[in-house]
1. What nm value, rounded to one decimal, do you get for the distance between L19 and H130 when each label is placed 7 Å out toward the C-beta?
2. Using only Cα atoms and rounding to the nearest 10 degrees, what angle (0 to 90) does helix 19-28 make with the longest principal axis of the chain?
3. For T199, T409, T120, write out the residues from largest to smallest accessible area, computed with a 1.4 angstrom probe and no ligands counted.
4. Under a 1.4 Å probe, what is the accessible area of segment 34-170 per residue, stated in Å²?
5. Just P52, P300, P350 to compare: in a GNM of the chain, with alpha carbon springs under 10 Å, which one fluctuates most?
6. Around T247, which amide H atoms from residues at least 5 apart in sequence, or from another chain, sit under 5 Å from its own amide H, with H modelled in the peptide plane?
7. Quick check on segment 28-170: take the gyration tensor over C-alpha atoms, sort the square-rooted eigenvalues as a ≥ b ≥ c, and tell me if it's rounded (a/c under 1.5), prolate or oblate.
8. What is the set of long-range amide H partners of F112 at a cut-off below 5 Å, with H atoms built 1.01 Å from backbone N?
Amino acid sequence: MPLGLFLYKTLTFLIAPFLGAIFRRRARAGKEDAARINERFAKELVDRPNGPLIWFHAASVGESQLQLELARRLIGEELASCNLLFTCQTQTAAKLVTAAVSEGAFLERACFQQMAPVDTQKSVQRFLNHWKPNIVIVAEGEIWPNTLLELHARDVPAILINARMTEKSILGWMRWPETARKVFSSFDLMIAADVQTQTGLSELSGREVICPGNLKSALPAPTVDEHVLQTLRKETGERPTLLAASTHAGEEALIIDAWMQLDPKPFLIIAPRHPDRGDEVDRLLSMTRAAVSRRSEEDPLTAQTEILLADTMGEMGLWYRLADTVYLGGGHAPGVGGHNPLEALQLGKPVLSGPSVFNFRDLSKRLLQFQGYSIVHDVDELISAYPALPVSEDMSEMLKADALGPMSTTLQSLEPILQKAELAA
């Protein structure tokens, strides 16, 4: 066994007795659902139905949306009647997936949402003994050695889709080459979102890695209730609107600072990445003395409202459509690496982002060639960039073309594995 893998297994074994206390502390801090902690240890799981099952695993909201869209495409094109299991790491993603699998094509089969098991040997074994997946599809960067090696030992195909790795992450794995080779070669198929990840994974695994582009370009724009949208437009008076979307701690202060210096001030919508930060953002807004409405509290929205705190789930499609300019969070928050700008751009909304977008480096470089996407380094640049120039026709055409390739290639690449496992229709 490679030294790095031995050390990882030893560490996860030693820390296992303390994980219960760690998760209870996280629950008290609002980072875990106390009622679902046992799922983290593969206990108190819902019953598994008979028949084959595909396990889709993701980290948080963006990756879960990707997995849901992939599952919809598979249901419509390739997938025979089988059960679907979705796991994730965050409460926000869990709520999103639970809502999604309760409607549409997912109603035609058994679909489940569970919290992801911790990567200790006993928890992983309990989880796999219970669910017995026929195939596992992992999104982006969820690399858990104990889980992958256990799947490999059970001869369960594992697929990595839309893989994205930062240069720092790749270099970290390269310090343990034998461990990396053992872990990444456990995947039966790896599909990268960008060339940097493709090159890194190929070197780490010694295997071919395909790179059709970022699969998130195939995600449809979020849907909305048109009646609700028209009501909101009437309530806001269709004023010029600045949306701060998917913001993190520190970024709300930045956008408020910029907004207070704008003259005239646009209507401001702040939609934090994690709605459970609503109280924190609300306290910050109280210092502005602006007229604030809070969506989660169902505060009335009037023509006099200056700022809307959109601390709810599943309504981003409304906020994007109301906006004239989108400030996208994650680019000014340390360690986050930016968020996906494609949803806003697909709706024709120009995007301003902070400079730290290492999770979308290749995509950002491409988008910067067109009008409609800009990097702002500080408050002054944000003020100068507002209102942002509209999305150019060239940008729109590029986005349409990109939406076709990655998903098609991914589905084609999955087909042989699905057929071998007798899951394809």
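1. It is 1.2 nm.
2. The two axes meet at around 20 degrees.
3. Working: T199 80, T409 50, T120 15 Å².
Output order, biggest surface exposure first: T199, T409, T120.
4. Solvent-accessible surface per residue comes out at 38 Å².
5. P300
6. For T247, the qualifying residues are A271, R273, G329.
7. Here segment 28-170 falls in the rounded category.
8. HN-HN under 5 Å from F112: L84, L85, F86.
The values are calculated or read from the model by the stated rules, or taken from the named source; none is laboratory data. Because the structure is predicted, anything quoted here is derived from the model rather than measured. Note that we place each Cβ from the backbone using ideal geometry, even for glycine, and neighbour counts take in every protein chain shown. Surface areas here come from the heavy atoms of the whole protein model, side chains and all, with no ligands, DNA or RNA. Shrake-Rupley method; radii C 1.70, N 1.55, O 1.52, S 1.80 Å.
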